[in-house]
Structures are given as C-alpha cells and as structure tokens.
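As structure tokens, the structure follows; a few thoughts come after it.
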Amino acid sequence: MDPEKPETNESLSRLQSELLRQLIRRKKRLLIPMILLFAVFSFGLPLFVSLYPRQMSRPAPWIQVPWGWLYAFAQIFLTWLWGWMYWNSAKTFDRLAEEIRQRGKI
C-alpha cells in the first residue's frame, strides 16, 4: 500500500463499519435500559392502583397528596427527564452518523 495514497475503499469501509458498530452499541447501551425502566415505571401505576388501592389513596405524610397522584406526577417529570437525556445523547449519535456519512463521500 502506498503511504502517500489516501485510504483505500477496503480500509474506508472497514472504518465505516467499525464506526457504525460503535454507534449502534452506544444507542443500545442508552435505549435498552431506558425503554425497560420506562415500561416498568409506566405499568407500575395501574398495577399499584389495582393491587394496593388503599395504600395508593393514602396521603403522603409530608405533602398531604395521595401516593397515586405523586406517582402520576413523577411519571410526567421522569418522561421529561428521559426525553432530555435522549435529546442530549442524540447530539452525539448525530455527530457520529455525520462522520460515517462524510467518510463515505471520500
């Protein structure tokens, strides 16, 4: 291989596939736990209300709002938090995807 010659198609495609694997790995590392936590937390409210109605209707000692309402409001805040976390991570994903695209144009 000529040292002055730019990267060959083979080495470029190998680099692209490694960058793509890295992108997919990062996305999975973020999305899989986030989806699992979201599903468990989302299905928790109807389950807790149906299985423990008396406890969920009792007011919390420090705020005098029922536990069911606190759980429901927590879902709103956590949804916003998870959305913000994904939005922040998507910036990194977009940069990596753009790098893969740019290397493909060479």
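Name the pairs: first residue in region 48-72 and free of Cβ contacts under 8 Å to residues at least 40 places away in the same chain, second residue in a loop (DSSP other than H, G, I, E, B), Cβ to Cβ under 8 Å, at least 6 apart or on different chains?
So the pair list comes out as 59/65; 66/58; 66/60; 67/58; 67/60; 70/60; 70/63.
Within the bounds of region 8-22, is there any residue that is of a type in the set (Val, Ile, Thr), outside any helix (DSSP H, G or I) and surrounded by fewer than 12 Cβ atoms within 10 Å (Cβ to Cβ)?
We begin by selecting, within region 8-22, every residue of a type in the set (Val, Ile, Thr); these are 8.
After this cut, where a residue has to be outside any helix (DSSP H, G or I) as well, the list is 8.
Then keep just the ones that are surrounded by fewer than 12 Cβ atoms within 10 Å (Cβ to Cβ); that gives 8.
Scanning region 8-22 turns up at least one residue that is of a type in the set (Val, Ile, Thr), outside any helix (DSSP H, G or I) and surrounded by fewer than 12 Cβ atoms within 10 Å (Cβ to Cβ).
A short reminder: the numbers here are calculations on the coordinates, not readings from a lab. Keep in mind the model is a prediction, meaning the values are calculated, not measured. Don't worry about glycine lacking a Cβ; one is built from the backbone with ideal geometry, like all the others, and counts go over all protein chains shown.
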